[in-house]
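Worksheet for the structure shown next.
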Amino acid sequence: WLLFSDADLTSAIETGLANNYDLKTAAARVVLAEASSLRALAPLLPQLTADASAQVAPFDALGFQFGGAIGDTGQGGAPPSVFYTGSALLNARWQLDVWGQSYLGQLAARLQARATEGDRASVALALTNQIGTAYFDVVFSKQLIAVVKEQIAANRRLLELIELRFERGDATSVDVLQQKQQYAARAAELPPLRAQLRAAQQRLAILVGEAPSRTPPSTASKMPALPPPPALGEPADLLEHRPQLKAALLRLEAADAQAAQSVRSFLPAVSVDGNAGWQFFRATETNELFVWGAGVTVSLPIFKGFDNVGRVREARARTNESQQALNQTFLLAVQEVEGAWINERETRAQLALVGEQAKAAQAALDESESRYLSGLTDYLNVLTALNAVQGAQRGELQTQRGLLGARLQLYQALGGPWSQDLGSSPPDGGSKK
């Protein structure tokens with residue numbers, strides 16, 4: 001957008017990249033994906049817990065555990081009615097990633113998070129196009145209203161001239177009535193054009209994150225000149241320059257990692273356990289003991305109700321799905337570039353022809369007016385030429401707007417290295433240069 005050398009356009013896009021709510025939503029999804037990636041790191045690290053417990057039970061139950069009852073305490077007294085036990089232990093467990101299964105899971109989560117960043121860049125890239133489109137719609141509506149006002153003024157001057165000729169007997173009442181109709185028809189076009197302008201201003205305000213009821217964003221009064229065409233490059237460049245393609249490629253890599261992870265779920269799991277702490281027992285007096293323990297556990301999955309088999313099939317299907325999605329996205333990206341380039345090329349040719357049409361129509365109008373004022377032709381020829389001129393003026397303006405739109409589509413289709421930084425502002429909406 002900097003190539004258009006329009007300060008108002010640059011300001012609108014920078015404001016939108018900082019404040020647009022769709023982009024903030026995409027940024028929140030990135031934070032969510034990064035949090036999931038952090039959670040996926042947990043299986044690679046040891047787990048440490050501090051556990052404390054305390055129990056109270058009837059004293060008779062203590063003997064019952066050994067097949068009988070305890071009659072007395074050995075000190076000549078009656079046994080207590082209850083006893084107390086408890087422990088305070090520090091437990092550690094570390095499942096060794098012998099086969100790299102947990103690493104693959106964490107790798108897949110990281111790749112998914114990076115793909116989500118690509119999604120945010122895609123939203124930002126599309127946002128710049130939407131803001132540019134709305135901005136040029138506002139400028140086009142302003143310029144079209146100005147042209148229509150000029151046409152109304154021209155029709156008014158011609159009406160006054162015909163009325164003067166009618167008073168002198170050089171024109172008929174039909175000429176006057178036809179020109180009045182022409183004048184009224186042009187004047188009736190202003191209200192819907194003003195409504196069109198307001199709708200475009202409201203759309204632009206929403207895209208830049210502002211309330212549509214506020215003062216409309218500042219825009220230029222005329223559409224800018226078209227910058228030089230960009231280099232198209234090679235189709236393979238799109239894999240690097242289009243963020244949605246990079247996201248699709250990352251999702252394919254993540255699916256590959258998940259598929260490898262699911263296959264390794266058939267292998268045995270090895271974990272190391274350890275604990276240390278205190279235990280106590282109290283009946284008539286309190287006894288405590290420092291205890292510790294360590295061990296290794298090997299678990300070989302034999303049958304889990306086809307859960308592992310289903311996971312492998314799901315992962316392989318997901319990989320195939322991601323591959324086909326990448327292929328389709330790539331083909332569409334190439335088609336978008338080709339379509340946008342052809343559209344711009346043909347619109348450029350159309351603009352040249354419309355310009356020639358406008359010049360010819362203006363020359364015809366000048367000649368018909370001259371002949372009409374000289375009494376050599378009737379007013380119908382003037383009216384026909386006038387309609388042709390005013391239609392050509394609008395057609396030229398509309399084609400200029402179409403050419404700018406085609407360039408915006410080409411920019412979006414190409415992406416580019418600059419698009420990788422789009423949408424990289426922090427979640428609070430602060431801009432990042």
Can you find a residue that is over 30 Å from residue 107 (Cα atoms), buried (at least 16 other Cβ atoms within 10 Å of the Cβ) and out of contact with any Gly (no Cβ under 6 Å at 6 or more places or on another chain) anywhere in the stretch 225-233? yes
Checking residue 332 against (1) touching a helix residue (DSSP H, G or I) at 6+ places or on another chain (Cβ under 9 Å); (2) in a helix (DSSP H, G or I); (3) farther than 17 Å from residue 402 by Cβ, which test does it fail? (1)
Just a yes or no: is a residue in the stretch 80-103 surrounded by fewer than 13 Cβ atoms within 10 Å (Cβ to Cβ) and modelled with pLDDT under 90? yes
Which residue, of 166, 136, is assigned to a helix (DSSP H, G or I), modelled with pLDDT of 95 or more and over 18 Å from residue 366 (Cα atoms)? 136
The stretch 284-318, subset aromatic (Phe, Trp, Tyr) and in contact with a strand residue (DSSP E or B) (Cβ under 9 Å, 6 or more places away or on another chain), residue nearest to residue 97 (Cα to Cα): 292
Counting only residues that are more than 49 Å from the chain's Cα centre (by Cα), hydrophobic (A, V, I, L, M, F, W, C) and at pLDDT 90 or above, which one in the stretch 254-290 is least open to solvent (accessible area, probe 1.4 Å)? 276
Any chance residue 136 is buried (at least 22 other Cβ atoms within 10 Å of the Cβ), more than 30 Å from residue 262 (Cα to Cα) and over 16 Å from the mean Cα position of the chain (by Cα): yes
Within the stretch 320-333, can one find any residue that is in contact (Cβ under 8 Å) with a residue 40 or more places away in the chain, surrounded by fewer than 15 Cβ atoms within 10 Å (Cβ to Cβ) and farther than 30 Å from residue 409 by Cα? no
Pair list, Cβ under 6 Å, 6 or more apart: the stretch 173-202 residue within 14 Å of residue 157 (Cα to Cα), other residue among the hydrophobic types (A, V, I, L, M, F, W, C) and open to solvent by 60 Å² or more (accessible area, probe 1.4 Å): 176/166
The stretch 384-405: number of residues that are over 35 Å from the mean Cα position of the chain (by Cα), open to solvent by 20 Å² or more (accessible area, probe 1.4 Å) and not polar (S, T, N, Q): 2
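Matching residues to (1) touching a residue at least 60 places away in the same chain (Cβ under 8 Å); (2) not hydrophobic (A, V, I, L, M, F, W, C):
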residue: 87; (1), (2): yes, yes
residue: 90; (1), (2): yes, no
residue: 107; (1), (2): yes, no
residue: 116; (1), (2): yes, yes
residue: 127; (1), (2): yes, no
residue: 133; (1), (2): yes, yes
residue: 156; (1), (2): no, yes
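The values are calculated or read from the model by the stated rules, or taken from the named source; none is laboratory data. Please read all numbers here as calculations on a predicted model, not as lab measurements. All Cβ positions, glycine included, derive from the backbone under ideal geometry; neighbour counts span all protein chains shown. Note: accessible area is taken over every heavy atom of the protein model, side chains too, but ligands, DNA and RNA are not part of it. Shrake-Rupley method; radii C 1.70, N 1.55, O 1.52, S 1.80 Å.
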